[in-house]
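Beneath this line is the structure, given in structure tokens, with notes to follow.
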Amino acid sequence: MRRTMKQAFAALRYLAGATAVSLAFALVCFAQAASGAQAQGAVKPAAPTIKEWPADPAGLLVAEWTRAKNWTKEYLDKMPEAGLSLKPTPEIRSFAEQMMHLASANFFYATAATGKPAPYKREDLTAENYKTKAALNKIVLESYDFMIGAIKSLDVAKLDEKITMRGTSLSRAAVLHNGFEHQTHHRGQTTIYLRLKGVVPPAEPFQ
């Protein structure tokens with residue numbers, strides 16, 4: 001009799017354990033099914049808009065020069081008026097002189113590459129003639145607009161046409177690329193000027 005009771009209790013324990021396991025498994029399956037249904041019913045976020053960069057040579061040049069203009073404008077905007085005359089060391093250009101050198105070269109390279117006459121004489125493009133922040137910003141950004149307009153006015157077929165500049169034969173496109181490299185170089189130099197005034201330089205834009 002005692003042995004029969006033990007066997008009955010053992011059977012009940014086994015049955016209870018099996019029932020618990022089955023119940024737990026069922027709950028897990030239910031939770032997974034509910035989660036999947038919610039995921040399917042959830043609104044998916046919209047895919048980010050991808051901006052197409054121009055593929056044609058002239059469009060690419062215009063896009064790059066426009067991006068460079070916007071970046072240079074951020075540098076100009078961030079420098080306080082009192083920092084225009086700043087020189088990290090006495091023998092190098094001030095911030096304003098760096099930017100005026102950049103602007104003068106933009107006019108020069110645009111004219112050299114496209115033949116479009118510059119609206120100013122190079123000797124007049126000095127920091128002495130553009131002493132305020134407003135005047136400096138205006139002439140520097142105008143130099144970019146002149147470059148962009150010159151590129152747009154140039155016949156695309158002439159980009160590969162060879163011209164002579166400073167004793168070197170090179171394509172019009174190469175002149176424009178050299179000009180782009182030049183403004184990049186001098187804008188980059190002014191990064192330390194901003195740092196010396198306690199200003200964080202603007203991040204590089206990719207559009």
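What follows draws every value from the coordinates through simple rules; no lab data is involved. Remember, it's a predicted structure, so these values are computed and weren't measured experimentally. Neighbour counts run over all protein chains shown; Cβ positions are idealised from the backbone, glycine included.
Structure summary
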item: Cut-off under 5 Å, modelled amide H: who pairs with Ser171 long-range; result: Ile163
item: Close Lys-Lys pairs in the stretch 50-180, where close means Cα under 17 Å and separation is 8 or more or interchain; result: 17
item: Size of electric dipole in the stretch 68-207: Cβ of Lys, Arg +1 and of Asp, Glu -1, about Cα centre, debye, nearest 20; result: 60
item: Most to least packed among 51-59, 90-98, 195-203 [average Cβ atoms within 10 Å]; result: 90-98, 195-203, 51-59
item: Spatial separation of Cα centroids for the stretch 61-109 and the stretch 154-200, in angstrom; result: 13
item: Whole-Hz ³J(HN,Hα) from phi, Karplus 6.51 cos²θ - 1.76 cosθ + 1.60, for the stretch 50-65, glycine and proline x; result: 9, 7, 7, 7, x, 9, 6, x, 5, x, 5, 5, 4, 5, 5, 5
item: Kirkwood Rh (inverse of mean 1/r, distinct Cα pairs), the stretch 56-207, angstrom; result: 15.9
item: Estimated vicinal HN-Hα couplings, Hz - the stretch 142-157 in sequence order (Karplus 6.51, -1.76, 1.60; Gly, Pro = x); result: 5, 5, 5, 4, 5, 4, 4, x, 5, 5, 5, 7, 7, 5, 4, 5
item: Whole-Hz couplings from phi, Karplus 6.51/-1.76/1.60, listed for the stretch 88-104; x for Gly and Pro; result: x, 9, x, 8, 10, 5, 6, 4, 4, 5, 4, 5, 6, 5, 4, 5, 4
